[in-house]
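Presented below is the structure to which this report refers.
What follows is calculated from the coordinates using simple rules that are stated; it is not laboratory data. Quick caveat, the model's predicted, so the values are computed rather than measured. Cβ placement follows ideal geometry from the backbone for every residue including glycine, while neighbour counts extend to all protein chains displayed.
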Protein chains: 2
Amino acid sequence: MEKINSLQNAHVKAWKKLQTKKGRKQQGEYLLDGWHLVNEAVKAKVAIKTLLITAKQLATQPDLTKFPAVIEISEEVATHISATVTPQGVFALVTLPKAPADELAKLDLTRPWLLLDNVQDPGNIGTMVRTADAAGFAGVAFGRGTVDVHQPKVERAMQGSQFHLHLISTDLTTLVDRLHADHVPVYGSELNPQATQYLDVDAPACFGLVMGNEGNGMSRELLAQTDQNLYIPIKGRAESLNVAVAAGILMFGLYH
Amino acid sequence: MEKINSLQNAHVKAWKKLQTKKGRKQQGEYLLDGWHLVNEAVKAKVAIKTLLITAKQLATQPDLTKFPAVIEISEEVATHISATVTPQGVFALVTLPKAPADELAKLDLTRPWLLLDNVQDPGNIGTMVRTADAAGFAGVAFGRGTVDVHQPKVERAMQGSQFHLHLISTDLTTLVDRLHADHVPVYGSELNPQATQYLDVDAPACFGLVMGNEGNGMSRELLAQTDQNLYIPIKGRAESLNVAVAAGILMFGLYH
């Protein structure tokens with residue numbers, strides 16, 4: 001088995017760059033960090049190219065025959081390439097999937113879609129993807145301004161749900177046009193005078209639900225495209241709900 | 001105005017200790033960090049003893065007459081006593097409120113209560129308190145194992161909602177007995193064979209809802225005391241929901 005101990009190794013330098021969107025695009029790969037995600041990827045039959053593993057983790061997992069290639073790395077290398085402070089010491093190198101040209105034409109429109117418009121916090125994004133998975137949604141669309149699907153902190157926060165539903169990265173106005181072409185309603189989430197209380201909506205089996213930026217809400221352009229704009233009635237004196245909590249209330253409230 | 005620049009100053013050492021539960025108990029005080037919390041405390045008429053403020057912040061707020069005492073602190077002192085990496089430079093020193101002996105006898109039982117059983121993550125706790133505020137709950141009870149109300153990260157995460165509803169720290173089994181004495185039902189949240197789908201429950205105006213530990217759920221003892229145990233149906237393949245998201249779905253689902 002190949003062993004890599006030095007931070008000066010060219011592979012290590014390349015893996016480190018996978019923490020950035022530019023690095024992932026240039027190399028056409030991304031990293032999954034930790035056993036939970038690696039195992040979820042295996043279960044989902046994601047094509048793992050190489051497993052990177054420390055001697056300590058190797059000792060606990062003698063059978064790695066399911067991985068096409070395995071490289072032993074030092075603890076120092078593990079810490080260097082991880083986005084966490086105390087990595088477990090196991091990583092999967094995965095080919096960045098290419099979205100098929102006809103991706104938008106082939107969407108599953110039997111169930112709802114969550115649209116993330118310029119959402120910034122990896123924890124919020126990951127929690128919303130997990131919740132969409134739990135609520136039985138078909139998929140989650142990451143809009144242009146939203147943090148990248150394969151950003152390490154986003155990958156970690158999704159806790160495996162990234163392998164359970166369809167994640168797409170797309171221009172959301174194009175996606176809304178696509179949904180409208182099939183008469184799928186799209187709901188915004190912003191409190192304004194025209195907004196409808198979410199419990200007053202009788203949502204069909206397939207709809208789009210847009211969640212906006214933590215501070216600024218949805219973009220004007222997208223808001224103009226929505227069929228209805230929903231609000232959650234605030235009874236107390238809180239100024240707002242956390243975006244992931246609001247998304248959970250709306251997803252389970254509209255689709256059950 | 002008194003100025004304190006040195007980390008060796010006895011006041012500074014004392015303020016630093018307010019980051020720990022022991023320090024807060026010994027000194028009978030806690031710190032609020034940042035303008036948002038300080039302003040919410042002022043709005044809520046919380047008795048602030050002293051405002052600690054850097055020269056930079058002082059320049060933006062010439063009128064501090066509403067504070068009984070003001071001490072100018074250096075940026076170094078601000079960073080030292082803050083639990084955040086980049087503090088704003090303003091803190092309020094507040095007397096730790098003493099719970100009245102008859103606190104449990106005088107609870108508002110016209111609206112629901114959220115009970116936190118051994119919840120550990122300050123972000124989750126803060127988000128749940130905000131959500132309880134938004135949902136119009138009467139208050140939130142922090143059980144013995146749950147992180148302290150006045151822990152700096154919990155204070156920050158509550159974003160002012162700590163001043164909008166009644167927060168109590170108590171033994172939860174005692175509180176459940178108290179609620180039962182007034183025929184207030186208490187709902188657990190754990191998936192088990194006896195659990196009821198949350199939408200099948202017709203909750204009264206006042207009820208208790210218990211959220212448990214992130215990894216281990218509710219304690220056995222408390223679970224045995226609940227009237228009904230609720231679950232949120234998972235349609236997809238997510239293993240679980242984030243505790244704060246689950247709390248949001250249950251609070252808004254049961255009380256609207």
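Okay, here's what the table says:
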read-out	value
Chain A - percent relative contact order, Cα under 8 Å, separation 6 or more	19
Subset of A:Lys49/B:Lys235; B:Lys56/B:Lys98; A:Lys21/B:Lys153; A:Lys17/B:Lys235; A:Lys21/A:Lys49; A:Lys43/B:Lys235 violating a 27 Å alpha-carbon distance limit	A:Lys49/B:Lys235; B:Lys56/B:Lys98; A:Lys21/B:Lys153; A:Lys17/B:Lys235
Cleavage-rule hits (trypsin sites (Lys or Arg not before Pro)) in the range A:52-113: DSSP loop, at most 16 neighbouring Cβ within 10 angstrom	A:Lys66, A:Lys98
Calculated FRET efficiency for the pair B:Gln120/A:Lys21, C-beta based, R₀ 30 Å, to 0.05	0.40
Shortest-first nm distances, B:His256 label point to equivalent points in other copies (7 Å, Cα→Cβ)	0.7
For the range A:182-197, 3J(HN,Hα) per residue [Karplus equation, 6.51 cos²θ - 1.76 cosθ + 1.60, θ = phi - 60°, Hz, x = Gly/Pro]	9, 6, 8, x, 10, 9, x, 9, 8, 7, 8, x, 8, 6, 10, 5
Among B:Ala138, B:Ala244, B:Ala69, residue whose mean-square fluctuation peaks in a GNM of chain B (springs only between Cα atoms under 10 Å)	B:Ala69
Other-copy label distances relative to B:Lys21, 7 angstrom Cα-Cβ extension, nm	4.2
Sequence-separation-based contact order of the range A:91-183, relative, with Cα cut under 8 Å and 6+ spacing, percent	30
Partner chain coverage, peptide B:159-165 - average Cβ within 10 angstrom	3
Chain A: translational diffusion in µm²/s, Stokes-Einstein, Kirkwood Rh over Cα pairs, 25 °C, 0.890 mPa s	125
Using a 7 Å Cα-to-Cβ projection, B:His36 label spacings across copies, nm, ascending	2.6
Amide hydrogen neighbours beyond the local backbone of A:Asn229, cut-off 5 Å, H modeled	A:Gly188, A:Thr196
Listed residues B:Leu31, B:Leu175, B:Leu191, most fluctuating in chain B (Gaussian network, C-alpha, under 10 Å)	B:Leu191
Antiparallel bridges, percent of DSSP beta bridges restricted to the protein assembly as shown (to nearest 5)	30
Contact order relative to length of the range A:103-254, as percent, for alpha carbon pairs under 8 angstrom and 6 or more apart	28
All-pairs alpha carbon distance profile, the range B:104-254, 5 Å steps from 0, percent	2, 10, 22, 25, 23, 13, 5, 1, 0
Fewest-first ranking of A:Ser82, B:Ser189, A:Ser6, using other Cβ atoms within 10 Å as the exposure measure	A:Ser6, A:Ser82, B:Ser189
Kirkwood hydrodynamic radius (C-alpha pairs) into Stokes-Einstein, the protein assembly as shown, 4 °C and 1.567 mPa s, D in µm²/s	51
